[in-house]
Amino acid sequence: MSTWGCKPLENDFASDLLAEFNESANIALLEQAFNKVNILNTDQYLEAPDAQEAVAAAQIFQSLDTDQIKQEDRKRLTNQANAALRRVLENSELNELWSESDEYNDWVIAVKGLIID
């Protein structure tokens, strides 16, 4: 795991996604990151890179202004982001890796903070 901190954008996969999004400003990139997680059945293994991208996508999504995303897209992406984040927290390699770290609670708080209710 190429990670330097527990915040959503503090890993290589997140940095790559952020750079790609900044270049294109295409929300489909965010949706694709959520879908990689959400298409898996609950018994399928969610690997760390896909989980990291979903968490990063949620952070990027939350940073968008209302003029950067249509209201109907915002609602759909909010639902997709929330589902992906819950899956990351409940059953993922990323969660397993962080659970072995002294920063696990900080990571959980950071990810939970991205869930929009």
Checklist entry - modelled with pLDDT of 95 or more, more than 21 Å from Asp12 (Cβ to Cβ) and assigned to a helix (DSSP H, G or I), is that true of Asn95? => result no
Next on the checklist: Take Glu53 and tell me if it is in contact with an Asp or Glu (Cβ under 9 Å, 6 or more places away or on another chain) and open to solvent by 30 Å² or more (accessible area, probe 1.4 Å).
Outcome noted: yes
Checklist entry - Name the pairs: first residue in the stretch 20-47 and among the small types (Gly, Ala, Ser) and open to solvent by less than 70 Å² (accessible area, probe 1.4 Å), second residue assigned to a helix (DSSP H, G or I) and modelled with pLDDT of 95 or more, Cβ to Cβ under 6 Å, at least 6 apart or on different chains? => result Ala33/Glu53; Ala33/Ala54; Ala33/Ala57
Checklist outcome for this item: Subset of the stretch 28-61, residues more than 21 Å from Asn91 (Cβ to Cβ) and either modelled with pLDDT under 95 or of a type in the set (Asp, Glu) (or both), comes to Glu31
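Could we say that Asn41 is assigned to a helix (DSSP H, G or I) and polar (S, T, N, Q) here? Let's see the steps before the verdict.
Numbers: assigned to a helix (DSSP H, G or I): no; polar (S, T, N, Q): yes.
Considered against the rule, which asks whether it is assigned to a helix (DSSP H, G or I) and polar (S, T, N, Q), Asn41 comes out as no.
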Checklist outcome for this item: Expected single match for outside any helix (DSSP H, G or I) and acidic (Asp, Glu) among Asp50, Asp117, Asp67, Asp106 is Asp117
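The values are calculated or read from the model by the stated rules, or taken from the named source; none is laboratory data. Bear in mind the structure is a predicted one, so any value in this text is a computation, not a measurement. Every residue, glycine as well, gets a Cβ built from its backbone with ideal geometry; the counts of neighbours run over all protein chains shown. With ligands, DNA and RNA removed, areas are computed over all heavy atoms of the protein, side chains included. Shrake-Rupley method; radii C 1.70, N 1.55, O 1.52, S 1.80 Å.
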